[in-house]
Every structure is written in structure tokens, then in C-alpha cells.
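So the structure is just underneath, and the comments pick up after that.
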Amino acid sequence: MKKSLLILIALGLLGAAAHGEGRLTIAAAADLRYALDEIITAYRQHHAGAEVEVIYGSSGKITTQILNGAPFDVFFSADIAYPERLFREKFAVTEPRVYALGRIVLWSKRHEASTLTLHDLTRKDIRRIAIAQPAHAPYGLRAREALIAAGIWDEIQPKLVFGENIAHAAQMAQSEAADVGIIALSLALFPDLARHGYHLIDADLHAPLTQGYVITRYGRENPLAHDFSAFMNGDPARTIMESYGFVLPGRENRETDTP
């Protein structure tokens, strides 16, 4: 019995060492860049020894990376369809869970965005409009849907410049490489951007930005992956998410007001 117990302990220690005990690697959609950084700071207050690394990018590209074996423990997507695919193809070990609904806004450093509407994007003094690449970035896809619904997609296409992800699109607008950006509300509320204001785009103009997460197959044996997932559903994380304009599950009827 003693020998068996020692073998089990040794195997457990080897498994922990192989995975990296006390280390968590998260892949996350770029709209979470500021909110998730704050959440991780709050998490570390209770888990001082935990090493948490976050890789931000577009949800579509991260999904492709996970399918190709990227060593991410947890994946937070801007569109739950991507975690659903990973679960369906057995690259995730937990069922996809909704953590928030996102919103898109018009934002500009050059113009007073709070007074803009989508139809203003056809103006001659607005020459470049940044959006995330619709092919692999959910926020870019929703921007395209809103522009089509507004009836201006064909007219403004020559003005469009595409970011690799929504944070890149925001950076293009912030650097004035684009006159206006259609970006995530969560990014527009970051202090550096919030002082310029924004216009909240009507959610009825596009499909919902239902955002979901999973623990990946790689993270199955990592206790921190399960622990952080539970933390994400607690009050501290939810408060931070709401402060960045995310609509939490069960609170879908609450509207974020334009400043």
C-alpha cells in the first residue's frame, strides 16, 4: 500500500512539473485586453504564487491555434461559436459558457464621436474607417452587419481599413491612422480612450456578441484553469466586467448609455 501511494504521489508531481505547476496560460479575445488585465490583478491578490499569462488576439485565429495544438489552458472568445466548435471537436473539456455580451461603438480621436451616427460615415471629411477583420474577428463581423443593416456598407467600403483584431482597430483610430473606428465598448471605456466619448451602435443592427469561454484539452489537468474559471463567475470579476460595459448573463435588458 505504501509503495503504491508513493508511486501515485511521484506521478502526480511529475504531471504537475510537466504542465507547469502554478502557471496558467489564457488566450483571450482582444476586446478583453483591459478588463481581463484588471481581473487577473484581482485574482493574484488571492493567489500570489500563480503565474498568469494572457495572449490576446482575434477569436478566429486563436481557435485555429488551439486546433493546431497551442498550449492555452483557457480560451475566452468574443463569439461563443468558436468555443462551441472546440468542444464539438473535443479540443475543450468543458461545455462553452457565456460570460458576457459585448457591444460595438463609434469612436474617434479626430471627431466628436458622441454626436456621430453610422450614416455620418458617408461624409467626405471621414476618409478612413477602422474595423476588425470580419473574416476572423467577431467584432469586425458585427461591424459589417451593422453597416449593411444601415444601408451604407457598399458606399463606405473604399474607406475601410482592417485591424487584425478589435484592439488593433482601436489603435488605428487612436493613432489617427483612421478618422473613425467601430470598436468594442470595453475598449472605448478604457481611460485613455474614454475622454473622447463614443456613440453606442444599436444592438438591433447586428447579431448578438455572445461571448463564451472553455477550458481547453490542454488545460484539463491544470487546477488553476478550473479555479480561474470559477473566479470569473464571482462578484469581483463581474463588477470589473460591468465597469467596461459588458452585459452579464441575466442582465441583458440593462442598456449602456452613451455619455
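Just so it is clear, none of the values below were taken in a lab; they were calculated from the coordinates. Everything quoted here is computed from the prediction, not taken from an experiment. Counting neighbours? That spans all protein chains shown, and the Cβs are built from the backbone with ideal geometry, glycine included.
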Determine how many Å³ per residue the convex hull of the Cα atoms of segment 10-132 encloses. 155 Å³
Along its three principal axes, how long is segment 107-259 when you only count alpha carbons? Whole Å, largest extent first please. 55, 31, 29
Under the Karplus relation with 6.51, -1.76 and 1.60 and θ = phi - 60°, whole-Hz ³J(HN,Hα) for segment 161-174, x at Gly and Pro, equal 10, 10, x, 5, 8, 5, 5, 5, 4, 5, 4, 5, 6, 5
Which percent of Cα pairs goes in each bin when the distances of segment 107-175 are cut into 10 angstrom slices starting at zero? 21, 58, 21
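Around Gly57, what is the net charge, scoring Lys/Arg as +1 and Asp/Glu as -1 over all other residues with Cβ under 14 Å from its Cβ? Mind dumping the intermediate values first?
Working: positive: Arg33, Lys61; negative: Asp31, Glu53, Asp79, Glu164.
Value of the local net charge: -2.
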Would you mind putting 64-74, 24-34 in packing order, based on average other-beta-carbon counts within 10 Å, highest first? 24-34, 64-74
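Just order 147-154, 182-189, 132-139, 43-50 by mean Cβ neighbour count inside 10 Å, highest at the front, would you?
Values: 147-154: 15.1, 182-189: 28.2, 132-139: 24.6, 43-50: 12.1.
With the highest mean Cβ count within 10 Å placed first, the list reads 182-189, 132-139, 147-154, 43-50.
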Just to be sure I understand: with springs between alpha-carbon atoms less than 10 Å apart, which residue in Gly181, Gly234, Gly212 has the highest mean-square fluctuation in the Gaussian network model of the chain? Gly234
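Calculated from DSSP H runs of 4 or more alone, at -39500 (n - 2.57) each and per residue, what is the 222 nm mean residue ellipticity of the chain, nearest 500? Could the numbers behind the result be given before it?
Working: 11 runs with 101 residues, N = 259.
My calculation for the chain gives -11000 deg cm²/dmol from helical runs alone.
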For the ranges 103-109, 217-223, what's the packing order if you count other beta-carbon atoms within 10 Å of each residue, average per peptide, and put the highest first? 103-109, 217-223
Report P(r) for the chain: all Cα-Cα distances, bin width 10 Å, range 0 to the bin holding the largest distance, values in whole percent. 7, 30, 32, 19, 8, 3, 1, 0, 0
